[in-house]
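See structure below.
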Amino acid sequence: MFQFIFRRLSLVIPTFIGITLLTFTLIRLIPGDPIEVMAGERGVSAERHAELSAQLGFDQPLYVQYFHYVTGVLQGDLGNSLVTKEPVLSEFLTLFPATIELAFCAAIFAIFVGLPAGMIAAVKRGTLFDHSVMTFSLTGYSMPIFWWALLLMLIFSVTLGWTPVSGRIDVVYWIDDVTGFMLVDSILSGEDGAFSSAVAHLILPSIVLGTIPMAVIARMTRSSMLEVLSEDYIRTARAKGIAPWRVIIIHALRNALIPVITVIGLQVGILLSGAILTETVFAWPGIGKWLIESISRRDYPVVQGGILIVATIIIVVNLMVDITYGIVNPRIRHSR
Amino acid sequence: MSLLKLENLSVTFGNFRAVDQISYSVNEGEVLGIVGESGSGKSVSSLSLMGLIDYPGKVSADQLTFMDQDLLSMPEAQRRKITGSDIAMIFQDPMTSLNPCFTVGYQIIEALKTHQGGTKKELKHRAIELLTLVGIPAPESRLSAYPHQLSGGMSQRVMIAIAIACNPKLLIADEPTTALDVTIQAQIIDLLIDLQKEKQMGLVLITHDLALVAEVAHRVIVMYAGQIVESGPASEVFSAPKHPYTQALLASLPESAAGRARLQALPGVVPGQYDRPKGCLLSPRCPYVTDHCRNVEPTSQGSLERQVKCHTPLNTQGRPAA
């Protein structure tokens, strides 16, 4: 088992080197630099530009800059934002709860809609319900997130006026930042209607972010369930004279869930990358919006550091899925 | 008294008749053997008795009664009360017939709980009794075992324990030993026959093993392409088969080829959906076929006790009667 974990961990090192190299070079390939962006339309003189460049260390050769960056990372220093002068890590930690909250609610939506939908589609295969679920999930999976977000916003926020357009909570509330999770903080604040306002603000972004994972979970559950339903032990269960719902919920679902759980674990990456677009559209103050803004400001340390942290989270989650699977299934553990 | 009675039972999948108007009955305490090649409708007919035929399969019959209750017209929920308690079934492949996610104890107790109920302690006690009854050593510790920890023979014993949990009056065994190795086969059959005698159950034994049927069955049904081609007391059917198909099945036994270079075989296969012949279904393979056989489908002759579906049934010399 330890050998298995060690082998997986050793594969992570080249991945990290790749991520640092990619983010470092790609952000510098974009035309314009942070100084020009900061100066804005007023422009900046060549002398002042050179002076500032030297101050920020941009006059050094790229490999030297990369070396400084990597040495910093290895010492746990992701650098300071060029715009706010705050450490990247502390900015990240301030904004991360908002993203977690959104991703968590999206995951809840994806699981609580995707699982039953896939299950019922499998049980009623070939019916109108089955075809609708499969069509809807395929559409949801292929639809661009930002377009889906705008569409829902237009229908539910603008036309029907059921949900707020953007943000985390109504501007009339002033909520103290205790945990960083608005759902919790709004309750702690004790203000009337703050919690329901926070919930209302979460609904559309969660649906938008949860659509792709929901589609994946629904399709996976359906195919896994179809396979299990044709197994001999399902026939045995029915031959016992058990009620049909019990055969499905107890005997079939338990077996069908094994591959689905793996897929749910892998959706974490999709949730975090999807958060970037969702947060931007809904003006959700999380790391997605933060990263997008830092790219347009050419805030090199924030882009490099932020992407590195997100990549680390995805790698860790994948590693955990791999390891749990190794524990559950001995055949995987022993294969080379 | 007849326990199970069916008249002209058919199971159709679209246009295809997997089971074609079969009629038979099973009496209390009787062992009925059903034999025939793969694809002759043995399993499908017994699954239909359990109500396990799914859409698009359709079951129809002039009569399908169990202890004078009409199985076809009763509501689903009421039928489920009979399925698994009064009529129980064990299947061909024990290794895949138990749910891998649940312990042996859970799966036995579930059957008891569904039909009889009782306290946790009673149910557990009863499950241990059942495991002892089917000859599983250390039954108490086996309750918490998972199916993958059991051998094929053990799994089949557990399946039998589940089937007899609610003291069924009729037990259907669908090729219960096909997936097991030879030494275990004999043990499982002995166990089944012992239980049948002890509990005076009706037993429907579906098998390819003619020698086994000859030994344990009171009556035998020979099926071909979804139809019953011959039925009668086991001793009569095997000593003096009236249908050419029964004769060919018996001739294909290795024992009857003793001293010869090759085993005897009936050429061809069971007709499927698209190659059903016009007259007698056996006509393309029958050694005694006539033009009449090719054009006109024979009807069942004789009583329900001894029927044969052939234009020219064989006489005691094994030749077609003129």
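The values are calculated or read from the model by the stated rules, or taken from the named source; none is laboratory data. These numbers were taken from a predicted model, which means no experiment stands behind them. Every residue, glycine as well, gets a Cβ built from its backbone with ideal geometry; the counts of neighbours run over all protein chains shown.
Here is a list of conditions, (1) within 14 Å of another protein chain (Cβ to nearest Cβ); (2) among the small types (G, A, S); (3) within 30 Å of B:I128 (Cβ to Cβ), and B:G29 meets all of them except one; can you say which number that is?
So B:G29 meets the others, but not (1).
Quick one: in the stretch B:29-51, of everything that is over 10 Å from the mean Cα position of the chain (by Cα) and farther than 21 Å from B:V237 by Cα, which residue is surrounded by the fewest Cβ atoms within 10 Å (Cβ to Cβ)?
B:G39
If you scan the stretch B:95-125, which residues turn out to be within 12 Å of another protein chain (Cβ to nearest Cβ) and either within 16 Å of B:S85 (Cβ to Cβ) or β-branched (V, I, T) (or both)?
The answer is B:T96, B:Q107, B:I108, B:I109, B:E110, B:A111, B:L112, B:K113, B:T114, B:H115, B:Q116.
What are the residues in the stretch B:1-23 that are in a strand (DSSP E or B) and not hydrophobic (A, V, I, L, M, F, W, C), if any? Outline the logic, then answer.
Taking the stretch B:1-23 and keeping what is in a strand (DSSP E or B), we get B:2-13, B:16-23.
Residues satisfying the conditions are B:S2, B:K5, B:E7, B:N8, B:S10, B:T12, B:R17, B:D20, B:Q21, B:S23.
Please go through (1) within 14 Å of another protein chain (Cβ to nearest Cβ); (2) charged (D, E, K, R); (3) over 23 Å from the mean Cα position of the chain (by Cα) for B:E140 and return the number of the only condition it doesn't satisfy.
Result: B:E140 passes all but (1).
Here's the yes/no breakdown for (1) surrounded by 14 or more Cβ atoms within 10 Å (Cβ to Cβ); (2) within 30 Å of A:E227 (Cα to Cα); (3) of a type in the set (D, E, K, R); (4) in contact with a His (Cβ under 7 Å, 6 or more places away or on another chain):
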| site | (1), (2), (3), (4) |
| --- | --- |
| A:S132 | no, yes, no, no |
| A:L154 | no, no, no, no |
| A:T163 | yes, no, no, no |
| A:I175 | yes, no, no, no |
| A:L183 | yes, no, no, no |
| A:S186 | yes, no, no, no |
| A:A200 | yes, no, no, no |
| A:L204 | yes, no, no, no |
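Any idea which residue in the stretch A:16-58 is farthest from A:V316 (Cα to Cα), counting only those that are loosely packed, with under 13 Cβ neighbours inside 10 Å and in contact (Cβ under 8 Å) with a residue 40 or more places away in the chain?
Looking at the filtered set, the residue picked out is A:G32.
Listed here are the residues, each with its yes/no results for (1) of a type in the set (A, V, I, L, M, F, W, C); (2) assigned to a loop (DSSP other than H, G, I, E, B); (3) without any contact (Cβ under 8 Å) to a residue 60 or more places away in the chain.
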position	(1), (2), (3)
B:L263	yes, yes, yes
B:P267	no, yes, yes
B:D275	no, yes, yes
B:K278	no, yes, yes
B:R285	no, yes, yes
B:V289	yes, yes, yes
B:T299	no, yes, yes
B:E305	no, yes, no
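Let me spell it out: the conditions are (1) farther than 22 Å from B:P176 by Cβ; (2) among the aliphatic types (A, V, I, L, M); (3) surrounded by 19 or more Cβ atoms within 10 Å (Cβ to Cβ), and B:L203 meets all of them except one. Which number is the exception?
Going through (1) farther than 22 Å from B:P176 by Cβ; (2) among the aliphatic types (A, V, I, L, M); (3) surrounded by 19 or more Cβ atoms within 10 Å (Cβ to Cβ) one by one, B:L203 breaks only (1).
Checking A:A237 against (1) within 30 Å of A:H131 (Cα to Cα); (2) in the same structural domain as A:L150 (by TED's automatic domain parsing), which single condition isn't satisfied?
The failed condition is (2).
Might you check whether a residue that is touching a residue at least 60 places away in the same chain (Cβ under 8 Å) and either away from chain A (no Cβ under 14 Å) or surrounded by 21 or more Cβ atoms within 10 Å (Cβ to Cβ) (or both) occurs anywhere in the stretch B:126-133?
yes
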